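So the structure is just underneath, and the comments pick up after that.
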Amino acid sequence: MGTLLLLSRMALLRQNATPAQVHITTVGGSETFYGRFGFAYQDSQQATPDYLQKSYAVNLSTADIDKCAFVLGHYTWIHPDFYTTRLPGYHGTGYSSA
């Protein structure tokens, strides 16, 4: 699911604004996931006394954005339980099944 979201966001970048530099901050352990897409370490800052927030960036060309759109246009992903899973809904009294 994370791959689909990332590719979707990058495919929506305006091609007339390329080359584009995309910056992200990650949660611990996701650095290798973003590294697969070319994101490289930029810097870090101490967000809280016990959490070091790291940021990464990647440069995208028009061809890179086209590749994202191509992949999204040629693959379909449906969760195995798509037709049977009930998502939680929010009602004034708290969470319940929708």
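The values are calculated or read from the model by the stated rules, or taken from the named source; none is laboratory data. Quick caveat: nothing in here was measured; it's all calculated off a predicted structure. We place every Cβ from the backbone using ideal geometry, glycine too, and count neighbours over all the protein chains shown. In case anyone asks, the SASA skips ligands and DNA or RNA and just uses the protein heavy atoms, side chains included. Shrake-Rupley method; radii C 1.70, N 1.55, O 1.52, S 1.80 Å.
For the stretch 1-68, the list of trypsin sites (Lys or Arg not before Pro) that fall in a loop by DSSP and count at most 13 other C-beta atoms within 10 angstrom reads Arg14, Arg36. Note on Leu5: accessible area approximately 90 square angstrom, rounded to 10, probe 1.4 Å, nucleic acids and ligands left out. Along the stretch 25-42 the Karplus relation, 6.51 cos²θ - 1.76 cosθ + 1.60 evaluated at θ = phi - 60°, assigns HN-Hα couplings of 10, 10, 8, x, x, 9, 4, 5, 4, 6, x, 4, 9, x, 5, 10, 4, 10 Hz to successive residues, with x for each Gly and Pro.
In this structure Tyr51 has an accessible area near 80 Å², from a 1.4 Å probe over the protein heavy atoms.
Shown in residue order for the stretch 59-73 are the 3J(HN,Hα) couplings computed by the Karplus curve 6.51 cos²θ - 1.76 cosθ + 1.60 at θ = phi - 60°: 9, 10, 9, 4, 4, 5, 5, 4, 5, 4, 5, 4, 4, 5, x Hz (x for Gly and Pro).
Legend: calculated FRET efficiency, Asn16 to Leu72, from the Cβ-Cβ distance at R0 = 30 Å, rounded to 0.05, equals 0.90.
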